[in-house]
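**Q** Sharing a structure here in structure tokens format.
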Amino acid sequence: MALSTHLHDSKDFKIHCSLSESTSAAFKGLRLLAGLSKEPLEVIPTKRLSSTSWHCDYKTTLNSNHIDPALKFVVQSDTAGDLGQLSLEKDSLCIASFLPGDHDTRLQFNFANNEASSSLQLAFSISSTDLMPKCMNTVVNLLDQFDEDTFSNFLSLITTAQHFDDIGQFFRECYMETDREEDISRAISAFERAKFSSQERPEYPDYSLKLVDALQKRFILCGQVEDLNRSVLILEERFPCVVDDVVLLSEFGEVLFARFRVTGSLVDLDRAISHYQAAVQLTPEANNILAGRLYHLANALSERFGRTGTLADLDNAILHLQRAVQVTRDGHNMSSIWLVNLGIFLARRFRATGNAVDLEEAISSQQEGIQRSPDINPMLPNWLTNLGNSFMHRYEHTGELVDLENAISQQQKAFQLTPDSHALESLGVSFMRRFVRTGDIADIENAINHHQRALQLVDDRREGLPALLNSLGVCLMHNFRIKKKLSDLQDAISNQRKAIELTPEDHPHLPTFLNNLGFSLGRLFDHTGNLETLKEALSYQQKAVTTTPAGSTELPTRLLNLGDSFIQQYKRTRDITDIQNAILNQIRAVDLTPESHARLPVVFKHLGISYQNEFDHTRNRSSILQAISSYQKSATGRVGHPGIRLSSARIWAQLCRIHDPFQSLNAFQVAIRLLSEVVGLEQTIQKRYTHITNVSNIVTSATAAAIADHKLGLGLTWLEQGRCLVWNQINQLRTPIDDLQAVDSRLADRFLHIAHALEEFGSRQTELSIAEMVDGQTINQRHTGLARDWTTLLEEIRAIPDLRDFLQPPEAGALIAALPPDYHIIIFNIDKQRCDALALLPSTREPVHIPLEHFSFEIAAKMLEQLHGYLHGHSLLTREADRGVRWSQPQTSNYASFIHILLEQLWACIVKPVLAALDFSVPSLPQDRKRVWWIPTGPLALLPVHAAGIYQGANSPPGSCVSDFVVSSYVPTVRSLLDKVKCPSPKTSSLLLVSQPATPRLPEIPEARRETRLLDKMANTHGIKAVLLEDHSATTTRVKEELNRHSWVHFACHAVQNPRDPLKSGVHLHDDRLDLLDIIRQRFSNTDHVFLSACQTSTGDINLADEAVHIAAGMLAAGYRGVVATMWSIKDQHAPEIAEGFYVGLLQDSLKGGKGAKLDGSRAAQALDDSLRKIRGALGDTESALLTWVPYVHFGI
């Protein structure tokens, strides 16, 4: 039926109507009734045009601007049966659509035109019942354009369940595309009417399941539990007893499970599992449908395990999912879901039982599932997060850092895809774990930030809210331990209390929350000393232990923490029963911890602390022996945090020196070996130096113990192995591999590839912006993997018979045997227990031992402290002090200044006893003096040993200073010197001169220009190629380019030792600073010497005295055979004369003014000594004179 209307300014409203039918026999006596909805309908005369069509006209008077009340149309037929359906279509205005017919052969439709229009086109079509599905598609296409009133009125006109169902289906499909609440709510309204209509017609299908499905979808969208309650009531009302309808059982299980997730009702969960089990039993065929039902059952069982801790539920869940994977056809897109969830459940069982096989299978299953995942997968972020969690579990079990980095990498990928609360929380936990391992403050700050952001996204009703609050509390507690900000600890405790308040008494997570709150309260007790706080902590921790299932893998940690709190209480109460309780709990923790678990060294260490406390209280020798045994087991564990094991080894060694001396050297041997793990290649150089700060004195302690036991060679080996760790690592990565290449070129290629990559990763900056963090994590992951590959590669190489000692620490005998005939090395081992010198002489096979009976660590530390104060007082160590800066002139004119006293003490206590013991004498000619390389340790490493002596001007007795006997150099280690010996001197000399007399933003140093131009002229006079870079031409880029082209380099510029970050120490060029880290990255070949005529280029770091963290050492590592540097700021006034004297000494054996002259690096130390002796002769022995020449030192060949 087609209607056309024309609206004019008049109120006449004319309708032209035509009707058509699809089957001539379908309708008899067809007529149209029309009129206003509030008036009687008027029968419109119809004219039959053919056997299948009619035409009629209808005219009424309406307001052209607003049609109200609405027009009503009714189509009637005398024919019994279903009239079919009626649809409206229009050109410009959508007013309404769809009018179903029923057995009373009566259709009617109400609509209102709310807009004025000059032309309104409407069309009706009528079809018989057999064409209804096709016609319905046309009808419902306009349903979504109804407003609520129109839709409600429209539904009131429909009488058949089938048509209600069609409307419901239409809006359900709309919702699936739009996620609009309006669409799913309309679907629910339609399905409710369909359900109601079908109840009175037994022959109609039941629409309850469609209604329940729609209610579930709205629940997922809106979270209103009432939708689930209605679903349960519908299903219970419709199916009051157990049925054998597998679809119904599955649907009922899903509704009950969904309600459990909201309410936590175990009754709902049990009923859901019962329905799921029945559905699985009624599914006979092993196909994808069965797999889906097995998945739902497994998920519910796993959830019940999470609530009750009944391991059988988790076992059954895993079995069901394994079966689901088996029955799923290859290539089915659901197989990835089954595999990922199987992995999650296996990881959960690992956490419950500690079975490492489950964890390996968990990771493998999740990785396979993710690999099978479709390209577009909304679940992928959650899968990546859970895979990261599994890697984290493996890290916690094995202590392998690569697993920790993999965990963070996966979780960051998840966060990039969907930054939801789950991804944020998991990533935050991983950052916190890495902080605990590495101590990197950026990690704990990121951990807190991620947790706080997650908290903002979480609804107060979310099931995981307590766990999130607890985890945030742990992060804040760790932050407090580093920054000592009390508000962090208070916030931590507040969050953890709230987590407990929100957690049911029977929840399996409650023991975790109780334990962590107890731990935080223990830290609060440490801060406040309030014993009531500690008692509360003990109460929570005891409850945590008693409520933890017997087989839980978390029980050992809770027992350990409880034991620690008892020790805290003992220290306040001195009640021996507290120690006994601590030991009982910690022994139980040991018994429950697998030998392969990374936690075991921690447990043994804390048990050792408890036994040590017991010994202090009782003086019972068995207690101290138990303590020693516990520390030993902690230190020698195969897995676990290397820092924990090293700490235990150190205490083990210290206790043995007192109570069991025969074990002492074994303990130190373990400690020395662990140093390389604590300062591992998987870390950046910057982080390695951070970690060395707290452990460097282990080496001198070990050496002192070896010397005391007359194991001089062992002491030397340990000094070489444990000092200058980072330089040794860099040298190993750059070691020549000719022997390896000759034996196995494949391994040699791998060595070069891994070594180069480790250098690149290790020398990178560690400060990253938030935007760089994901890329930075990828680099961390690769870096950690390379470090592990390096360890594996060394094991492969050392398995070759001829290469067993490849990159192994050399034995003392081999070091001494490799010394050239005229080389003498003096090592000073400065330890709190004793101080000694070891002399390496080419004529001996063992180190020569010289006890330093009148010197101590405390004296050395006091000297260094006073020297630094003195130099600061004269502005010689401040950042601003430099060449050309007016530094405070010494006022003392006699020979009793601090610098005089210091040098005299060094002479009397350190150098003179050594020279006397070695029978060194003053030669008749200065050129006959012996070469000596000094290797001082501890505080002595930063003191001017090379200048020790009595300086009284003309009154100075002969043989009263170092330079009367020997020509001095320094070297970081014996091995580094021997490596330089192997490097041949370049055949020709070329000199790069870098001058910065007027560096932007720094004071002028005018003598720098005179210095470099003088040297440029000298080089040209002797036919030596020289390049001079001054002012703006001396940029960092240009200088680095030229460094590779010249065998000799001379810097005359500003330089500085950065006390806060020694790797940022460097020389100032025109545009930037060439810092130490940048120097370390360089690999120079065919180089000889560099002269650093700048300030503080070998000052070093007081916290890293044994690591030689200064520019001079960096130049040696970069490839130079020798370096002239300065221990503190120098005078611009005298720098040109000292430099000139040095180069004159180098050239004295060359033809004067002739071509082919060469800068002889082997004479560098002698040349510097000669130049300084000349300056001393000119200036005398005044305080000012000493401060002028003493800071100049020589390193290397």
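**Q** Conditions: (1) more than 41 Å from the chain's Cα centre (by Cα); (2) touching a residue at least 60 places away in the same chain (Cβ under 8 Å). Residue 1054 meets all but one. Number of the miss?
**A** (1)
**Q** Could you tell me whether segment 440-449 includes any residue that is out of contact with any Phe, Trp or Tyr (no Cβ under 6 Å at 6 or more places or on another chain), modelled with pLDDT under 95 and of a type outside the set (A, V, I, L, M)?
**A** yes
**Q** Then there's this: Do we have any residue at all in segment 1012-1023 that's among the acidic types (Asp, Glu) and surrounded by fewer than 19 Cβ atoms within 10 Å (Cβ to Cβ)?
**A** No.
**Q** Could you check residue 511 against (1) closer than 26 Å to residue 265 by Cβ; (2) open to solvent by 20 Å² or more (accessible area, probe 1.4 Å); (3) not hydroxyl-bearing (Ser, Thr, Tyr) and say which number it fails?
**A** The one condition residue 511 does not meet is (2).
**Q** Right, here's the next one. Which ones in segment 839-856 are over 24 Å from residue 656 (Cα atoms) and outside any loop (DSSP other than H, G, I, E, B)?
**A** 839, 840, 848, 850
**Q** Inside segment 466-512, can you point out the residues that are hydrophobic (A, V, I, L, M, F, W, C) and touching a Pro at 6+ places or on another chain (Cβ under 7 Å)?
**A** Once the filter is applied, which keeps residues that are hydrophobic (A, V, I, L, M, F, W, C) and touching a Pro at 6+ places or on another chain (Cβ under 7 Å), segment 466-512 yields 499, 502.
**Q** Moving on to the next point. Restricting to segment 325-348, name every residue that is of a type outside the set (A, V, I, L, M), surrounded by fewer than 23 Cβ atoms within 10 Å (Cβ to Cβ) and either modelled with pLDDT of 95 or more or more than 25 Å from the chain's Cα centre (by Cα) (or both).
**A** 326, 329, 330, 331, 332, 333, 335, 336
**Q** Check whether at least one residue in segment 994-1009 is closer than 17 Å to residue 1186 by Cα, of a type in the set (Gly, Ala, Ser) and not in a loop (DSSP other than H, G, I, E, B), and report yes or no.
**A** no
**Q** Checking the structure you have, find out if any residue of segment 550-561 is out of contact with any Pro (no Cβ under 8 Å at 6 or more places or on another chain), open to solvent by less than 40 Å² (accessible area, probe 1.4 Å) and within 26 Å of residue 654 (Cα to Cα).
**A** Among the residues of segment 550-561, at least one is out of contact with any Pro (no Cβ under 8 Å at 6 or more places or on another chain), open to solvent by less than 40 Å² (accessible area, probe 1.4 Å) and within 26 Å of residue 654 (Cα to Cα), which makes the answer yes.
Every residue, every condition in (1) over 16 Å from residue 841 (Cβ atoms); (2) open to solvent by less than 10 Å² (accessible area, probe 1.4 Å); (3) touching a Phe, Trp or Tyr at 6+ places or on another chain (Cβ under 8 Å), yes or no:
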position	(1), (2), (3)
929	no, no, yes
933	no, yes, yes
937	yes, yes, yes
950	yes, no, yes
957	yes, no, no
964	yes, no, no
973	yes, yes, yes
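**Q** Please go through segment 378-419 and pick out each residue that is farther than 21 Å from residue 457 by Cβ and part of a loop (DSSP other than H, G, I, E, B).
**A** Matches in segment 378-419: 399, 400.
**Q** Something else now. Picking from 404, 417, which residue would you name as being within 18 Å of residue 782 (Cα to Cα) and either modelled with pLDDT of 90 or more or open to solvent by 10 Å² or more (accessible area, probe 1.4 Å) (or both)?
**A** 404
**Q** Ok, one more. So for segment 452-466 (the condition being modelled with pLDDT of 95 or more, within 10 Å of the chain's Cα centre (by Cα) and either under 17 Å from residue 500 (Cβ atoms) or assigned to a helix (DSSP H, G or I) (or both)), does at least one residue qualify?
**A** Checking segment 452-466: not a single residue is modelled with pLDDT of 95 or more, within 10 Å of the chain's Cα centre (by Cα) and either under 17 Å from residue 500 (Cβ atoms) or assigned to a helix (DSSP H, G or I) (or both).
**Q** Restricting to segment 281-293, and then to whatever is farther than 14 Å from residue 251 by Cβ and among the aliphatic types (A, V, I, L, M), can you tell me which residue is surrounded by the most Cβ atoms within 10 Å (Cβ to Cβ)?
**A** Step by step, filter segment 281-293, then rank; the result is 291.
**Q** Anything in segment 643-683 that is outside any helix (DSSP H, G or I), open to solvent by 10 Å² or more (accessible area, probe 1.4 Å) and either in contact (Cβ under 8 Å) with a residue 40 or more places away in the chain or closer than 18 Å to residue 601 by Cα (or both)? List them, or say none.
**A** 681, 682, 683, listed by residue number.
**Q** Could I ask something else about it? I'm trying to understand the selection: among the residues of segment 1024-1038, which are buried (at least 20 other Cβ atoms within 10 Å of the Cβ) and closer than 16 Å to residue 1081 by Cβ?
**A** none
**Q** In addition: How about segment 244-280: which of its residues are of a type in the set (Ser, Thr, Tyr), open to solvent by 40 Å² or more (accessible area, probe 1.4 Å) and closer than 21 Å to residue 208 by Cβ?
**A** 274
**Q** Among the candidates 740, 725, 733, 752, single out the residue that is open to solvent by less than 60 Å² (accessible area, probe 1.4 Å), modelled with pLDDT of 90 or more, over 23 Å from residue 401 (Cβ atoms) and among the hydrophobic types (A, V, I, L, M, F, W, C).
**A** Step by step, each of 740, 725, 733, 752 is checked, and only 740 is open to solvent by less than 60 Å² (accessible area, probe 1.4 Å), modelled with pLDDT of 90 or more, over 23 Å from residue 401 (Cβ atoms) and among the hydrophobic types (A, V, I, L, M, F, W, C).
**Q** Something else: Quick check on my filter: what residues within segment 982-1020 are within 28 Å of residue 1197 (Cα to Cα) and at pLDDT below 90?
**A** Matches in segment 982-1020: 982, 983, 984, 985, 986, 987, 988, 989.
**Q** For segment 439-485, which residues satisfy the criterion of being free of Cβ contacts under 8 Å to residues at least 24 places away in the same chain and either open to solvent by less than 30 Å² (accessible area, probe 1.4 Å) or of a type in the set (Phe, Trp, Tyr) (or both)?
**A** Result: 443, single match.
**Q** Still on this structure, please answer the following. So residue 507 ticks every box in (1) over 33 Å from the mean Cα position of the chain (by Cα); (2) modelled with pLDDT under 95; (3) of a type outside the set (S, T, N, Q) but one. Which box is left unticked?
**A** Going through (1) over 33 Å from the mean Cα position of the chain (by Cα); (2) modelled with pLDDT under 95; (3) of a type outside the set (S, T, N, Q) one by one, residue 507 breaks only (1).
**Q** I've got another one for you. Do we have residue 876 as assigned to a loop (DSSP other than H, G, I, E, B) and touching a residue at least 60 places away in the same chain (Cβ under 8 Å) here?
**A** Here the answer is yes, as residue 876 does meet what is asked.
**Q** Now for a different question. Can you give me the number of residues within segment 254-268 that are touching a residue at least 60 places away in the same chain (Cβ under 8 Å) and in a helix (DSSP H, G or I)?
**A** Looking only at that region, the number is 2.
**Q** So the check is Cβ under 7 Å with 6+ separation or different chains; which pairs have a first residue in segment 882-907 that's over 28 Å from residue 1065 (Cα atoms) and open to solvent by 50 Å² or more (accessible area, probe 1.4 Å) and a second one that's among the hydroxyl-bearing types (Ser, Thr, Tyr) and modelled with pLDDT of 55 or more?
**A** Short answer, once both residue conditions are applied: 893/1182; 895/951.
**Q** Residue 819: surrounded by 18 or more Cβ atoms within 10 Å (Cβ to Cβ), part of a loop (DSSP other than H, G, I, E, B) and at pLDDT below 95, yes or no? Please lay out each step first, then the result.
**A** Values: surrounded by 18 or more Cβ atoms within 10 Å (Cβ to Cβ): yes; part of a loop (DSSP other than H, G, I, E, B): yes; at pLDDT below 95: yes.
Spelling it out, residue 819 is indeed surrounded by 18 or more Cβ atoms within 10 Å (Cβ to Cβ), part of a loop (DSSP other than H, G, I, E, B) and at pLDDT below 95.
**Q** Select from segment 412-450 the residues that are on the phi > 0 side of the Ramachandran plot and hydroxyl-bearing (Ser, Thr, Tyr) and list them in ascending order.
**A** Restricting attention to segment 412-450, the residues satisfying the condition of being on the phi > 0 side of the Ramachandran plot are 439.
Matches in segment 412-450: none.
**Q** For segment 1007-1034, give me each residue that is among the acidic types (Asp, Glu) and under 11 Å from residue 1140 (Cα atoms).
**A** Listed by number, the residues that qualify are 1011, 1016.
**Q** Here's another thing I want to ask about it. Report the residue count in segment 161-182 for those that are crowded, with 23+ Cβ neighbours inside 10 Å and closer than 14 Å to residue 215 by Cα.
**A** The number of residues fulfilling the criteria is 2.
**Q** Using the structure shown, decide if residue 423 is in a helix (DSSP H, G or I) and in contact (Cβ under 8 Å) with a residue 40 or more places away in the chain.
**A** yes
The values are calculated or read from the model by the stated rules, or taken from the named source; none is laboratory data. In this text the structure is predicted, and so the values were computed from the model without any measurement. Positions of Cβ are generated from backbone atoms using ideal geometry, with glycine treated the same way; all protein chains shown enter the neighbour counts. Heads up: the accessible areas ignore ligands, DNA and RNA and are worked out on the full protein's heavy atoms, side chains in. Shrake-Rupley method; radii C 1.70, N 1.55, O 1.52, S 1.80 Å.
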